[in-house]
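Report on the structure given below.
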Amino acid sequence: MADVKVKKECDPADAALIENRIKELCQQFPQGITDQVIQNDMPHLEATQRAMVINKLLSLGQLDLLRNSSGLLYRMKDAQAASKMKGSDNQEKLVYQIIEDAGNKGIWTRDMRFKSNLPLTEVNKILKNLESKKLIKAVKSVAASKKKVYMLYNVQPDRSVTGGAWYSDQDFESEFVEVLNQQCFKFLQSKAEVARDSKQSPMIQRNSSFATSHEVWKYISELGISKVDLSMEDIETILNTLIYDGKVEMTIIAAKEGTVGSVDGQMKLFRGVNPVIQPTGLVKTPCGLCPVFDECHEGGEISPSRCIYMTEWLNF
């Protein structure tokens with residue numbers, strides 16, 4: 001891109017050229033651009049001229065002015081949202097901006113009231129109006145069943161809000177998780193059986209019995225047993241529960257950059273295992289294999305009285 005050279009006093013043609021370039025930069029970087037980005041792209045543009053053009057775009061409602069840890073950010077305003085917000089008063093625009101800044105984690109009404117310094121009745125009135133325009137939406141959070149968080153209408157809620165694939169309408173899908181456990185273990189068992197039937201050396205059999213989390217994810221996806229799209233992270237969560245149950249073991253190997261399933265040059269491999277000898281009595285108890293044993297105490301977030309593994313073991 002050729003440098004845009006301007007005089008100290010921008011004529012209309014130069015100003016329009018700069019405006020268009022700033023909007024192009026905003027489209028290239030949807031998360032927003034800083035003054036430094038504009039300065040790097042147009043080094044001959046003076047600070048006063050840059051401020052004049054940006055202020056014009058802000059006054060026309062074509063840019064949003066945001067703030068983050070690195071300073072001010074300029075972001076292209078959503079045209080559809082801008083048209084729906086046309087005619088809104090400053091209080092409504094303020095509440096909309098607060099919700100937008102909250103991103104995909106949303107914001108509670110209480111926090112919104114604190115940040116806007118508006119009465120609760122006024123906040124509720126504005127929220128109802130923004131919801132009717134389909135600019136925002138209320139999402140139930142798994143963290144608090146009786147509370148809702150608000151976010152922009154077209155934003156996909158964060159996993160910490162919805163609970164991810166394991167929750168449906170705030171209810172934990174224990175049966176679904178159990179089916180995934182069984183199918184993941186079944187896949188690893190079948191891979192181990194194929195390796196044993198190959199009649200190769202023990203080391204080759206062992207190595208070929210391992211599967212990547214991507215292979216397990218692909219198998220589960222092709223089964224079509226999930227109504228939601230599962231990520232590899234979801235599958236690894238299931239595989240970790242199998243590790244805690246003593247049914248699967250994991251190893252980490254080096255992998256070439258860009259290899260499917262690798263992260264930071266490393267890849268996790270999983271395989272189903274059968275115990276060579278019967279474990280001792282202590283290891284048979286849930287506490288004997290528990291990875292959070294040190295954090296478990298009565299009255300805490302993890303406690304024996306709330307442990308489902310302990311309950312199942314005692315009932316058995």
note = In nanometres, the difference between 0.36 nm per residue of separation and the alpha-carbon distance of Lys93 and Phe172 is 24.8 nm
key: Links that overshoot a 24 Å alpha carbon limit, given the list Lys77/Lys128; Lys186/Lys218; Lys56/Lys105; Lys77/Lys146   = Lys56/Lys105; Lys77/Lys146
remark   = Magnitude of the Cβ-charge dipole (Lys and Arg +1, Asp and Glu -1) of the range 117-184 about the Cα centre, nearest 20 debye, reported as 580 debye
key: the range 140-259 - percent of accessible surface contributed by carbon and sulfur, probe 1.4 Å   = 50 percent
message = Could you tell me the calculated FRET efficiency between Asp294 and His214, based on Cβ-Cβ distance and R0 = 51 angstrom, to the nearest 0.05?
response = 0.95
inquiry  = Give me the base-10 log of I(q)/I(0) for the range 200-240 at each q in 0.15, 0.20, 0.32 Å⁻¹, Debye formula, one uniform scatterer per Cα, rounded to two decimals.
reply    = -0.44, -0.64, -1.07
query = Top to bottom by accessible area (1.4 Å), largest first, where do Glu312, Glu193, Glu19, Glu175 land?
reply = Glu175, Glu312, Glu193, Glu19
task = Pull up the DSSP beta bridges for the range 103-256 and report the antiparallel fraction as a percent, rounded to 5.
result = 100 percent
message = Straight-line reach only, C-alpha to C-alpha below 12 angstrom: list the aspartates and glutamates that Lys256 could link to, leaving out same-chain residues fewer than 8 apart.
response = Asp264
key: Residue order for Tyr244, Tyr150 - accessible surface, 1.4 angstrom probe, largest first   = Tyr244, Tyr150
inquiry  = I'd like the accessible area for Arg159: 1.4 Å probe, protein heavy atoms, all chains in place, Å² to the nearest 10.
reply    = 100 Å²
query = Going from most exposed to least, what order do Arg306, Arg196 have by accessible area with a 1.4 Å probe?
reply = Arg306, Arg196
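The values are calculated or read from the model by the stated rules, or taken from the named source; none is laboratory data. Values in this document were obtained by computation on a predicted structure and should not be read as measured data. FYI the Cβ positions are ideal-geometry reconstructions off the backbone, even for glycines, and counts take in every protein chain you see. Note: accessible area is taken over every heavy atom of the protein model, side chains too, but ligands, DNA and RNA are not part of it. Shrake-Rupley method; radii C 1.70, N 1.55, O 1.52, S 1.80 Å.
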